[in-house]
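J.: Please find one structure pasted underneath; my questions will follow.
Throughout, read-outs are computed from the coordinates displayed, never taken from laboratory work. Computed from a predicted structure; not experimentally measured. Cβ: placed from backbone, ideal geometry, glycine included. Neighbour counts: every protein chain shown.
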Amino acid sequence: MMRLESLLSVKGTVAALRFYDDGSLAEAVGEIDPGYAGLAAELCYANGRILQQQGDMLTAFSGMGGWTPPRGWAMSGPELSVCAMGEVACFVRNAEVSFNELFHTLYKVAHD
């Protein structure tokens, strides 16, 4: 199993976390305040659940499959982005990260 710390080897990654299926924090690494890590886990869990619901709705409205289960999601701000797959998420500096490398590593961590 690839460890969460392997995400920190991707240039631009600030922090990474793993959360349980109820949104509670399992572990966090990198530059994230412990007081905020739990909130970040809840945020990432909630966004994943919303994405699942949207996929279900797209399937129902379009009559086309392939929308679920979602593979992951990303949200970008001016300087930082949060990217998630499954129950793993990371925070990255946009100007430094290769999103291709990041998502490749994120997939391995989330699915190994």
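J.: Put a dot 7 Å past each Cα toward the Cβ at Glu5 and Leu80; how far apart are the dots in nm?
T.: Each label point lies 7 Å from its Cα, and together they span 2.3 nm.
J.: Return the inverse of the average 1/r over all pairs of distinct C-alpha atoms in the chain, which is the Kirkwood hydrodynamic radius, in Å to one decimal.
T.: 14.3
J.: Now a separate question. How would you order 82-95, 32-45, 12-25 from highest to lowest mean count of nearby Cβ atoms within 10 Å?
T.: 82-95, 12-25, 32-45
J.: May I ask for the angle, rounded to the nearest 10°, between helix 99-111 and the longest principal axis of the chain, with both axes built from Cα atoms and the value confined to 0 to 90°?
T.: Helix 99-111 and the main axis of the chain meet at about 80 degrees.
J.: First measure r as the distance between the Cβ atoms of Asp22 and Ala95, then evaluate 1/(1 + (r/R0)^6) with R0 = 22 Å and state the FRET efficiency to the nearest 0.05. Walk me through the numbers on the way to the answer.
T.: Working: r = 34 Å, r/R0 = 1.56.
Given R0 = 22 Å and the Cβ-Cβ separation, E is 0.05.
J.: Also, quick follow-up: Can you give me the angle between helix 34-62 and the longest principal axis of the chain, using Cα atoms only, in degrees from 0 to 90, rounded to the nearest 10?
T.: 20
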